[in-house]
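The values are calculated or read from the model by the stated rules, or taken from the named source; none is laboratory data. The structure displayed is predicted, hence computed values, not measured ones. So basically every Cβ, Gly included, is an ideal-geometry build from the backbone, and we count neighbours across all protein chains shown.
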Amino acid sequence: MVVHSRMGSPTFERVAKGLVALHRLIKEGSDDSPEAEALRDELDAPLKVLNHTESQRAQWLSEDLYSVSEPPATTKHKTLNPQAQRQLNEAFEARQSREWDRALTLLRRWREYISPPLLSYLRGSIWWEAGYSDVAAAFYCHAWECEPTNANYQAIYMHVLAESNPDAASKLANEVLADDEKYAPVVVARAADIRFNQTRNSSDAKSARLHKELIPILERNITRIEASADAASRASAYAMTVAVLGFCHELQGNTRAAVDFYTRGLQMDPNHDGLLVARGILLYGTDPRSVVDFEQAVELGTSLIWPYLFLAHHYLITKRFEPCRVMCESGLRKQGSNTGKSQLEEWRAIAQAELGFPPELVRAAFEAALRLDPSNDLARRNRAAFEAFLRMPHTESGAAWEQRTVAAIRQFGAAEHPYTVAA
C-alpha cells in the first residue's frame, strides 16, 4: 500500500494541478485555446509567490510534462553503463528515502539511459508517493500510451486515475468490463475494483445490481489467471480479483462464499494483509481463526487500522488488558476514521483503568475518544461510570460496582458485555 507523504505547500499544489490541466490541453492540440490562456493567467499569481525550491520544482515539472505531451520519441535511448546504473540506483534510494526532488533530478539528468515508458512510470511513482495523484496519472498515462501492451502500466494508471479523476476512471473501467476477455486479468481486476468502490455512495439497489454483474466477470478472470503461466501476472491480479469477489458475495449476504474466496486468495499469498483482515472480520465472533488472521496481519506490519481495532476489542472482552492497551495505542498510529479511533481511545481508557493507571490518564483517554467522535455516547457513559466509581467508598466491592454500572463494551453487533473498572 502506498503511503502518501505530500511535498510542497498548498500554493505549489495549486500550481501542479494547473500545470497538469495545461498539459492535458497541449496534448489535445488546444495549446492556443481560450481555456489554455485562462489557465496560464490563473497560474501567474501563485507562481510568483512560490519559494525558490518550489519555483524550480514547478519549472522542472512543466518541462517534464511538456516532454510527454509530444508524440513518443523514435530515437533509441543510450545503452546503460555502470555510471548511469549507479546514478539510477541513487534515484531509487532517494525515492525510498522520500527525497522526491533529488530522485526526480537524477532521473532527469540520466533520462537518455531510460526508455520513455519506464521513465514516465518512474516519474509517476515518485509523484504518486509524494501525494500528487493528478501529476502521477499524467506520467502513468504516458507510460501506457508508449507501451500499450504493458498491462501493469494500464492497471496502475487506472488505479491513480480513480483518485485524481473518478469520472474518467469509471468510464475507462466500464469499457474494460464491457469486453473483459479482451484485456489482461490485472486490468480487469483493477476495473472491477474501481467500479466496486464507486458504488459505496450509490443506492442499495444500484450497488446490488453491479455486484451481481461483477461476479461472473471476476469468476472468468480467476479462471484465466489460474490457467496463466505468467507467475508475475498471477500474483498481481489474483488477490485483487478474489478480494472484490469476496466483497460482492459478502454484500449479497453470501458469507460462506466470501470466506471461501478470501481463503483461496490466502492459499496463493498467505501473507496478504488485506485478505487476512477481510476474512478475519467476517469470522469474528464465530471462528477463532479470525483472531489468528488479525494477529498475523499485525505481525506483517499492515497499515490497516481494522486488525488493531478488532484485536483490541478481543483482548478487552477476554480481560487481557495490557495487550488491549498496546493494541489500542498501535492502532491509533494507523490511518483510520475518527469513529474507529474514538473506540480505540475508549477501550484504552478502560484497559488503563483495569491496569490501575492514574485517573488523569484514564480521563484523558475518555476525553480524546469524545473529541474524535462527539456522538460516541457509550464512551460518554463509560466516562461517567468511571467518575462515579472514583467517588465510591473503597469498601464497596467489585460485584456491587458491576451491579451499579450500565456501561458496556460494543462488540460490532454482538451482545454487549459488562465490565468493571479497577480502583
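Residues that are among the hydrophobic types (A, V, I, L, M, F, W, C) and surrounded by fewer than 22 Cβ atoms within 10 Å (Cβ to Cβ): list the helices (runs of 4 or more DSSP H) wholly contained in region 240-341 that include at least 3 such residues.
Here the list reads 255-268, 273-283, 289-299.
Rundown of residues vs (1) within 27 Å of the chain's Cα centre (by Cα); (2) within 22 Å of W144 (Cα to Cα); (3) in the same structural domain as F12 (by TED's automatic domain parsing); (4) loosely packed, with under 15 Cβ neighbours inside 10 Å, yes/no style:
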site: K48; (1), (2), (3), (4): no, no, no, yes
site: D64; (1), (2), (3), (4): no, yes, no, no
site: S67; (1), (2), (3), (4): no, yes, no, no
site: P82; (1), (2), (3), (4): no, no, no, yes
site: R111; (1), (2), (3), (4): no, yes, yes, no
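Matching residues to (1) closer than 15 Å to L245 by Cβ; (2) touching a strand residue (DSSP E or B) at 6+ places or on another chain (Cβ under 9 Å); (3) modelled with pLDDT under 95:
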position	(1), (2), (3)
I156	no, no, no
E163	no, no, yes
A178	no, no, no
A184	no, no, yes
V188	yes, no, no
R195	yes, no, yes
A205	no, no, yes
I217	yes, no, no
R224	yes, no, yes
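For region 286-339, enumerate the residues that are touching a Phe, Trp or Tyr at 6+ places or on another chain (Cβ under 7 Å), in the same structural domain as L361 (by TED's automatic domain parsing) and more than 22 Å from N376 (Cβ to Cβ).
Residue satisfying the conditions is P323 alone.
How many of the residues in region 142-185 are in a helix (DSSP H, G or I) and among the polar types (S, T, N, Q)?
Here the count works out to 5.
I need the full set of residues from region 342-377 which are in a helix (DSSP H, G or I) and among the acidic types (D, E), in order please.
Selection gives E345, E346, E354, E360, E367, D377.
Quickly run through region 243-276 and pick out the residues that are over 21 Å from the mean Cα position of the chain (by Cα) and farther than 22 Å from T199 by Cβ.
R256, D260, T263, R264, Q267, M268
Which condition number in (1) in contact (Cβ under 8 Å) with a residue 12 or more places away in the chain; (2) among the polar types (S, T, N, Q); (3) farther than 21 Å from H23 by Cβ is the one that N89 fails?
Looking at each condition in turn, N89 falls short on (1).
Residues of region 23-34 being surrounded by 11 or more Cβ atoms within 10 Å (Cβ to Cβ) and part of a helix (DSSP H, G or I), which ones?
Those that are surrounded by 11 or more Cβ atoms within 10 Å (Cβ to Cβ) and part of a helix (DSSP H, G or I): H23, R24, L25, I26, K27.
Enumerate the pairs (first residue in region 310-329 and more than 18 Å from G280 (Cβ to Cβ); second residue anywhere and at pLDDT 95 or above and surrounded by 17 or more Cβ atoms within 10 Å (Cβ to Cβ)) with beta-carbon separation below 6 Å, excluding pairs fewer than 6 apart on the same chain, so at least 6 apart or on different chains.
Once the first residue is more than 18 Å from G280 (Cβ to Cβ) and sits in region 310-329, its partners that are at pLDDT 95 or above and surrounded by 17 or more Cβ atoms within 10 Å (Cβ to Cβ) give R325/R348.
Within region 377-405, track down each residue that is at pLDDT 85 or above and farther than 17 Å from P358 by Cβ.
Correct list: D377, L378, A379, R380, R381, N382, A384, A385, A388.
Just need a number here: residues in region 84-103 that are loosely packed, with under 12 Cβ neighbours inside 10 Å and assigned to a helix (DSSP H, G or I).
Within region 84-103, residues that are loosely packed, with under 12 Cβ neighbours inside 10 Å and assigned to a helix (DSSP H, G or I) number 3.
For region 313-341, give me each residue that is hydrophobic (A, V, I, L, M, F, W, C) and touching a strand residue (DSSP E or B) at 6+ places or on another chain (Cβ under 8 Å).
Answer for region 313-341, where residues must be hydrophobic (A, V, I, L, M, F, W, C) and touching a strand residue (DSSP E or B) at 6+ places or on another chain (Cβ under 8 Å): L316, I317.
Please verify whether T199 is among the polar types (S, T, N, Q), out of contact with any Asp or Glu (no Cβ under 6 Å at 6 or more places or on another chain) and modelled with pLDDT of 90 or more, treating the condition exactly as stated.
Here the answer is no, as T199 does not meet what is asked.
Looking only at region 148-171, count every residue that is within 18 Å of L210 (Cβ to Cβ) and either in contact (Cβ under 8 Å) with a residue 60 or more places away in the chain or crowded, with 19+ Cβ neighbours inside 10 Å (or both) and tell me the total.
3
Any idea which of A227, A155 is closer than 28 Å to P117 by Cβ, of a type outside the set (S, T, Y) and within 19 Å of the chain's Cα centre (by Cα)?
A155
Please indicate, with yes or no, whether at least one residue in region 302-317 is of a type outside the set (S, T, Y), more than 25 Å from G253 (Cα to Cα) and in contact with a Cys (Cβ under 7 Å, 6 or more places away or on another chain).
yes
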